[in-house]
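First the structure, in the form of structure tokens, and then the observations on it.
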Amino acid sequence: MEHKSNQNQSLNWGLISTARINRAVINPLRESARNELVAVASRSKEKAQDYASEWDIPQAYGSYQAMLDDPEIDVVYNSLPNSLHTEWTVKALKAGKHVLCEKPLATTIEEVDEMRAAAKETGNHLAEAFMYRHHPQTIKVKELVDSGILGEVRLVIGDFTFSIKSEEDVRLNPDLGGGSIWDIGCYPISYTRYIMGEEPQEVFGWQMSGNSGVDEVFTGQMRFAGDVFAQFDSGFRSPYRSRIEIVGSEASMVIPQPFNPGLEVEIQIDRDGEIESIPMPRKELYIGEVEDMADVILNGSSPRVSMEDSRNNIKLILALLQSAELGKPVLLS
């Protein structure tokens with residue numbers, strides 16, 4: 001497949017699966033001048049056609065492979081369950097497609113390396129869909145921290161929880177790569193690494209497993225160089241919570257909507273009880289990851305979330321899970 005390579009061209013996108021998360025990227029793809037949603041694939045033609053009709057998508061395919069065989073598709077969005085990310089991302093890359101794959105990219109280092117090797121071999125682009133990393137709020141928070149406004153960073157605290165009501169939820173299924181740390185704990189872990197600009201040296205994790213065996217609650221700690229610490233919790237058995245606090249030697253900063261910022265949001269900086277509110281830039285949440293793919297494919301830009309970044313986040317999650325299993329800290333090389 002000959003890939004498009006200039007700013008004036010548009011990329012044709014196809015959706016692998018009819019997952020609920022697709023709704024987040026449909027409108028951004030339609031709003032983008034450089035991207036166009038043209039197809040959806042499901043495991044049955046009927047389901048694909050129903051979905052295409054509901055969302056006004058021109059083409060429906062009764063199998064994932066059928067869509068990958070279409071030479072008119074440039075990019076696929078892989079929103080399959082975690083356990084299927086590697087198989088269908090590799091197949092898409094080898095079929096000549098670029099791939100935006102939902103987080104987590106994979107659940108083992110071997111899978112990440114297989115995907116990365118396929119991208120390198122084919123020359124096609126692969127990126128993990130961590131939408132918050134593209135939002136101007138996240139970029140602004142990083143700039144503020146790096147400016148020294150908080151002094152030296154001492155501690156990062158993050159949480160992301162919500163309550164799952166159905167025991168049939170795929171996020172509770174170990175065969176599909178379920179578990180709270182993979183689904184939502186990956187966010188505060190990724191955010192902390194982004195803010196710190198480095199990898200932790202040591203981690204410790206605890207988990208509460210549910211009936212299926214996956215972690216339904218996970219709490220973790222990370223130690224960075226210079227005895228800078230971080231802690232987070234994720235879970236499916238608590239009310240909705242989403243927050244990051246960055247504590248420095250001179251002040252602290254609270255980001256009340258770090259992973260899903262709205263169009264009107266402020267962060268708060270606390271200097272010994274004196275609170276300063278700083279409005280954050282406005283932007284639709286998912287448009288950034290779509291435009292980033294276009295920049296990479298059409299302009300040759302470097303992706304905001306690199307494969308090495310994704311690999312390191314997964315390596316850290318695996319170390320935390322290992323720590324929880326062993327009941328002791330795990331050192332990272």
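Just so it is clear, none of the values below were taken in a lab; they were calculated from the coordinates. Source: prediction; values computed, not measured. For neighbour counting, all protein chains shown are included, and Cβ atoms are generated from backbone atoms with ideal geometry for every residue, glycine included.
I need to check one value: relative contact order of region 11-130, counting alpha carbon pairs closer than 8 Å and at least 6 residues apart, in percent. Don't skip to the end; give the middle numbers.
Numbers: 234 pairs, mean separation 27.0, N = 120.
Reported relative contact order: 22 percent.
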Relative contact order of the chain (C-alpha contacts under 8 Å, at least 6 apart) in percent is 18
With DSSP loop assignment and no more than 13 other C-beta atoms within 10 Å, the trypsin sites (Lys or Arg not before Pro) in region 246-315 are ARG282
Checking region 40-80 for chymotrypsin sites (Phe, Trp or Tyr not before Pro) in a loop per DSSP with at most 10 other beta-carbon atoms within 10 Å yields none
Quick calc: nm separation of the 7 Å Cα→Cβ label points for ASP70 and ARG243 -> 4.5
Rounded to the nearest 5, the percent of antiparallel DSSP beta bridges in the chain equals 60
Per-residue ellipticity at 222 nm attributable to helices in the chain (runs of n ≥ 4 DSSP H, -39500 (n - 2.57) apiece, nearest 500 deg cm²/dmol) works out to -9500 deg cm²/dmol
Filtering GluC sites (Glu not before Pro) in region 132-220 by DSSP loop and by at most 16 other Cβ atoms within 10 Å leaves GLU152, GLU167, GLU168, GLU198
